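**Q** Would you mind keeping the following structure in view while I ask a few things?
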Amino acid sequence: MRKKSVFINCMEALTANRKHSEARTLLNAGLKESAERQTAATAPAYELTKPYIFPAVDGNMTYHTSWGSHGVKNEAETILSVLNSFRLRSTLAKINQGPRLTQYVIEPAPGTQVQAILRHEKEFQAALHCNASLRFDNGYVYIEVPTGTETVFLGDMLIDNEFQSSDGFTMAIGMAVDGSKHYIDIAKACHILISGMTGSGKSIVLHNLILSLLMKKDPVQMHLYIIDPKATEFEYYKNLAACTVVSEVNGAVELLKSLCIEMDRRYSVLASTGCRDIDSYNAKFADAPMRRDIVFIDELSDLMSMGGKSVEGHIVRIAQKARACGIHLVIATQYPVAKVVTGLIKANMPTKICLRVGTVTNSMVALDMAGGEKLMGHGDMLFLPNGSLSPVRLQGGFVSETAINNVVAGLMKNQ
Ligand SMILES: Nc1ncnc2c1ncn2[C@@H]1O[C@H](COP(=O)(O)OP(=O)(O)OP(=O)(O)O)[C@@H](O)[C@H]1O
Ligand SMILES: [Mg+2]
């Protein structure tokens with residue numbers, strides 16, 4: 001009742017043409033109060049008492065990804081001789097050398113059967129003495145040869161101008177074989193599903209996403225909820241004002257429930273202020289914007305098995321509806337199987353990151369296509385951004401414990 005009367009007061013204030021700021025203050029005060037009553041598990045709004053200073057990338061993170069060339073000429077000749085021996089007329093259009101892969105781009109001559117090239121994957125592997133993988137995309141056959149164990153550093157993606165100059169909620173994903181760096185804005189990504197077997201690099205991907213956000217956005221602009229059933233992986237962030245780390249299942253279930261209430265509250269704010277979504281609200285009330293809340297879940301199956309049926313219900317509700325009001329999910333799982341990543345969860349997670357998975361079936365659940373089972377592990381991934389039909393192969397950035405500690409120590413100086 002109280003919440004409603006605050007809205008009515010606020011709308012009256014607006015319509016009576018009183019000062020715009022007066023109406024907004026009224027609205028925010030009432031909503032903050034109702035939020036405190038309704039959503040005990042969610043973090044209260046944060047107020048900055050001094051200018052917020054972000055740590056610099058260069059002083060705090062390892063960077064300078066570099067990689068050398070190897071026997072590219074010999075490999076190219078081997079590939080061409082295999083193609084010739086099966087009379088598969090083609091030319092070598094391009095060679096891309098990345099930190100962990102070399103990619104040979106083959107252009108089939110008109111009339112050459114592409115399927116016939118792809119069928120000979122094993123012959124290419126035997127000739128090259130490695131687990132080369134073949135795929136057809138956009139008119140070309142890509143032969144990808146593992147070449148080294150060079151590391152791509154998160155610092156290199158964060159120091160890049162594209163990241164530094166972006167003003168959205170940009171997160172670094174990884175580096176392609178041609179050296180291009182890939183990022184995604186959480187507003188565009190909507191919700192992200194990360195699949196991969198144990199040791200494939202899921203937690204490191206989550207650190208990449210979390211650190212990217214922490215390096216650019218203050219606790220007024222966003223709050224990160226990190227559900228970490230292992231209770232060791234994300235402890236670093238627990239004292240930061242912008243983060244809440246939850247490690248026990250009951251707390252996690254309570255949090256998801258509170259986020260559903262918070263979502264409904266935000267929808268009523270949007271409706272009563274005549275805004276379509278968080279972007280239009282923030283454009284209208286630029287000096288008191290709505291915060292973005294991003295929920296990271298490190299292992300969905302732990303939560304689903306221990307938290308019961310309600311967990312799926314809450315996740316599906318948030319995934320279906322929360323986008324427009326600035327609540328996002330980033331879910332990682334070791335078990336991309338239909339029992340864990342249910343149809344409803346999957347259908348509402350439009351951005352997908354598939355690290356190495358065990359079987360073609362897992363890859364189908366993770367990505368809706370095969371390919372994840374051929375990846376090399378350690379951050380080698382297929383990234384399918386929201387709205388895209390074919391995934392891009394990337395090497396995720398590595399971030400050391402020291403780098404995380406340095407960034408956190410830098411951020412703590414603001415508190
Ligand atoms: N992008 C990367 N670059 C280099 N090495 C990586 C990368 N990602 C992961 N690794 C290596 O793989 C190890 C395992 O990564 P991580 O802990 O993220 O795996 P995981 O998928 O979360 O495993 P689990 O399911 O057991 O939690 C890391 O300790 C690191 O040595
Ligand atoms: Mg992990």
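**Q** Where does the chain land on Rg/Rh, using Cα atoms and the Kirkwood Rh?
**A** My calculation puts Rg/Rh at 1.04.
**Q** Also, I was wondering about something else. Taking Cα pairs under 8 Å and at least six residues apart, what relative contact order does the stretch 72-146 come out at, in percent?
**A** 30 percent.
**Q** From zero outward in steps of 10 Å, how is the percent of C-alpha pairs of the stretch 266-362 spread across the bins?
**A** For the stretch 266-362, the binned pair fractions read 14, 41, 26, 15, 4 percent.
**Q** Only counting other Cβ atoms within 10 Å, I'd like Val357, Val337, Val145 sorted with the fewest neighbours first.
**A** Val337, Val145, Val357
**Q** At 7 Å along Cα-to-Cβ for each site, give me the label-to-label distance between Ala45 and Gln164 in nm.
**A** Modelled inter-label distance: 3.3 nm.
**Q** Using only Cα atoms, tell me the angle between helix 2-15 and the longest principal axis of the chain; keep it within 0 to 90° and round to the nearest 10.
**A** With both axes taken from Cα atoms, the answer is about 90 degrees.
**Q** Excluding same-chain residues fewer than 8 positions from Lys284, which aspartates and glutamates have a Cα within less than 15 Å of its Cα?
**A** The qualifying aspartates and glutamates are Glu22.
**Q** While we're on this one: In the chain, if the dipole is taken from +1 on Lys/Arg beta carbons and -1 on Asp/Glu beta carbons about the Cα centre, which of Met381, Met222, Tyr236 is farthest to the positive end?
**A** Checking the options against the dipole of the chain, the answer is Met222.
**Q** Let me know the Kirkwood hydrodynamic radius for the stretch 204-333, please, with Cα pairs as the basis and the value in Å to one decimal.
**A** Computed over the stretch 204-333, the radius equals 15.2 Å.
**Q** How large is log10 of I(q)/I(0) for the stretch 72-146 at q = 0.12, 0.16, 0.21, 0.26 Å⁻¹ when the intensity is taken from the Debye formula with one equal scatterer per alpha-carbon?
**A** Reported log10 I(q)/I(0), two decimals: -0.26, -0.48, -0.86, -1.41.
**Q** Now a separate question. List, in the order given, every pair from Lys238/Lys309; Lys181/Lys216; Lys216/Lys352; Lys202/Lys413; Lys352/Lys374 whose Cα-Cα distance in the structure shown is over 26 Å.
**A** Result: Lys238/Lys309; Lys202/Lys413 exceed 26 Å.
**Q** Taking the Cα atoms only, what angle lies between the long axis of helix 249-272 and the longest principal axis of the chain, rounded to 10 degrees?
**A** The answer is roughly 70 degrees.
**Q** Relative to the longest principal Cα axis of the chain, at what angle does helix 202-214 sit, 0 to 90 degrees, rounded to 10?
**A** Helix 202-214 sits roughly 50 degrees off the main axis of the chain.
Taken together, the values in this text are just the output of simple stated rules run on the coordinates, not laboratory data. Values in this document were obtained by computation on a predicted structure and should not be read as measured data. Using ideal geometry, Cβ is built from the backbone for each residue, glycine included, and neighbour counts are taken over all protein chains shown.
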